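Only one structure is covered here, and it is reproduced in the block below.
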Amino acid sequence: MKKLALVAVFFFQFAHAQQQDSTEVVSPISLKKNEVRLDVVSLITKMRIHASYERFLNKDFSVGLSASISESNKEKKDFDENFDRTLPQYEVIPYLRYSLSKSQVSYYYVEAFASANGGKYKTKERFVEGGNGYYQAVENTYFDVALGGAVGYKLYFKDKFAVDLFVGMGKNLFNTDKSPEIVQRVGASFGYRF
């Protein structure tokens, strides 16, 4: 009889503990699994359109895809006047983020990313015409893939409006004689979670 009473007590304790866990308060933001963002700082300072989509898998992990197109007149001028060897024009970045904080409303995170990037580059080539040799800058295109990491901070207002600040870098892997060796990942994005 004592064993039966002891089993009953453990059963009710376990059932009560399960009931408490199931009535746990769920943050309204955790029910929203999608987010779109636009990097306003890059748009203003570099004339780069940088948009992102992020899908939240759970409270700790998310995956996303960013794309950017650069139309900076200053960068084009520096490239045309041979101050820069490369002119990055586009970038597609799939990424994985891990939240370092318990809160879902404001948190720090780390990110691993891959960057498929391309643009123009210049090389100096030697030409010989009529017995005279000269050097000339020759323009070509490049494509490369970089792997890298970033850290960031994200803050939500009214459980749907996001501010995302991040900084990181990656290293191009294949055509570093043509592409930039380092790919920067810096931005301040504003977004909407739904």
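Each reported figure results from applying straightforward, stated rules to the coordinates on display, with no laboratory input. Bear in mind that the values here come from a model prediction, so they are computed numbers and not experimental data. Counting neighbours? That spans all protein chains shown, and the Cβs are built from the backbone with ideal geometry, glycine included.
Can you list the aspartates and glutamates whose alpha carbon is less than 18 Å from that of Lys124, not counting same-chain residues fewer than 8 positions off?
In chain and number order, the partners are Asp78, Asp80, Glu81, Asp84, Glu139, Asp177.
Using a basic spin-label model with each label point 7 Å from the Cα along Cα→Cβ, how many nm lie between Leu57 and Lys102?
2.3 nm
Given the convex hull of the Cα atoms of the chain, what is a quarter of its surface area in nm²?
If you wrap the Cα atoms of the chain in a convex hull and average its projections, you get 15.0 nm².
Among the aspartates and glutamates, which fall within straight-line cross-link reach of Lys32, defined as a Cα-Cα distance under 16 Å, with same-chain neighbours fewer than 8 residues apart omitted?
Glu54, Asp60, Asp159
Measure nothing but the geometry: give the 0 to 90° angle between the long axis through the Cα atoms of 2-22 and the longest principal axis through the Cα atoms of the chain, rounded to 10°.
40 degrees
What relative contact order, as a whole-number percentage, does the chain give when Cα pairs under 8 Å and 6 or more residues apart are counted?
Working: 422 pairs, mean separation 35.2, N = 194.
Relative contact order, the chain: 18 percent.
Could you sort out which of Lys102/Lys158; Lys154/Lys178; Lys74/Lys122; Lys46/Lys154; Lys76/Lys154 sit more than 26 Å apart by Cα distance in this structure?
Beyond 26 Å: Lys154/Lys178; Lys76/Lys154.
Given the stretch 83-194 reduced to its alpha-carbon atoms as identical point scatterers, what log10 I(q)/I(0) does the Debye formula return at q = 0.11, 0.19, 0.21 Å⁻¹?
For the stretch 83-194 at q = 0.11, 0.19, 0.21 Å⁻¹, log10 I(q)/I(0) is -0.50, -0.96, -1.06.
Let me have the 222 nm mean residue ellipticity of the chain computed from DSSP H runs of 4+ only, each contributing -39500 (n - 2.57), with the sum over all residues rounded to the nearest 500. Walk me through the numbers on the way to the answer.
Numbers: 3 runs with 36 residues, N = 194.
Rounded to the nearest 500, the figure is -6000 deg cm²/dmol.
Once you charge only the Cβ atoms, +1 for Lys and Arg and -1 for Asp and Glu, what is the size of the charge dipole of the chain about its Cα centre, to the nearest 20 debye?
So the dipole magnitude of the chain works out to roughly 820 debye.
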